[in-house]
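A.B. asks: This is the structure I have questions about; it appears just below.
The values are calculated or read from the model by the stated rules, or taken from the named source; none is laboratory data. What you are looking at is a predicted structure, and each value in this text was computed from that prediction instead of being measured. Glycine gets a Cβ as well: all are built from the backbone with ideal geometry, and neighbour counts include every protein chain shown. For the accessible areas, the whole protein counts, side chains as well, though only heavy atoms, and no ligand, DNA or RNA atoms are used. Shrake-Rupley method; radii C 1.70, N 1.55, O 1.52, S 1.80 Å.
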Amino acid sequence: MITKMIEKIVAKIEKLSELFGSISSWIILVLIFSTVYEVFSRYMLNSPTIWSFEISYMAVGCIILLGSALTLKQGAHIRIDLFYSNLPQRKKNLINIFGYLILYIPLGIWLTYQLFLYAYEAFQTGEQSGESAWNPIIWPYRLVFSLGIFLLTLQSIAEVIKNIVTLKMSSSNN
């Protein structure tokens, strides 16, 4: 009963990671369009845009942040690996659990909260980017920061659960 419930929770977290990873991949089209349009406008029409630079850095930030949970789910984050790949699976699971529970998850929870407050403050004050003549409001971009870290933290929790399940399965097989 509890095992099925845990499996459902992990599956829901991973679906969320996949959904936002997919959204992240579509944002690449926004980045491509804004860059191509800027080059065309600047060099063919001699009329550079005031918005392309900000759309570009915001799109890249959103792509990275919203795609980070899916990247973790797929095991595609960069790992500094001197010894890890040569360890037995049980030790890898223990290292993963330690890393997520002790190092990342507390930091992820704190960052999610602080970034949400940062976005909320920008919303309340109507803060603008100050990076270009376009000068858009900045709170939606900051909210994506908070959401991206939240999704990465959720996926980290799912990874802990999967590592614990793997450990339990390997110990019951022995």
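A.B. asks: Every residue in the stretch 59-112 that is of a type in the set (Ser, Thr, Tyr) and free of Cβ contacts under 8 Å to residues at least 12 places away in the same chain, please.
C.D. replies: TYR84, SER85
A.B. asks: Right, here's the next one. Using the structure shown, decide if GLY126 is at positive phi and modelled with pLDDT under 95.
C.D. replies: No, not satisfied.
A.B. asks: Answer yes or no: is there a residue in the stretch 32-53 that is closer than 21 Å to SER156 by Cα, open to solvent by 50 Å² or more (accessible area, probe 1.4 Å) and modelled with pLDDT of 95 or more.
C.D. replies: Scanning the stretch 32-53, I find no residue that is closer than 21 Å to SER156 by Cα, open to solvent by 50 Å² or more (accessible area, probe 1.4 Å) and modelled with pLDDT of 95 or more, so the answer is no.
A.B. asks: Tally up the residues in the stretch 129-174 that are under 15 Å from LEU16 (Cα atoms) and more than 13 Å from the chain's Cα centre (by Cα), please.
C.D. replies: Residues in the stretch 129-174 being under 15 Å from LEU16 (Cα atoms) and more than 13 Å from the chain's Cα centre (by Cα): 3 in total.
A.B. asks: Moving to a separate point now. Mind checking which residues of the stretch 70-97 are of a type in the set (Val, Ile, Thr) and surrounded by 12 or more Cβ atoms within 10 Å (Cβ to Cβ)?
C.D. replies: THR71, ILE95, ILE97, listed by residue number.
A.B. asks: So, in the stretch 98-126, of the ones that are more than 28 Å from ALA11 (Cα to Cα), under 19 Å from the mean Cα position of the chain (by Cα) and of a type in the set (A, V, I, L, M), which residue ends up least open to solvent (accessible area, probe 1.4 Å)?
C.D. replies: ALA119
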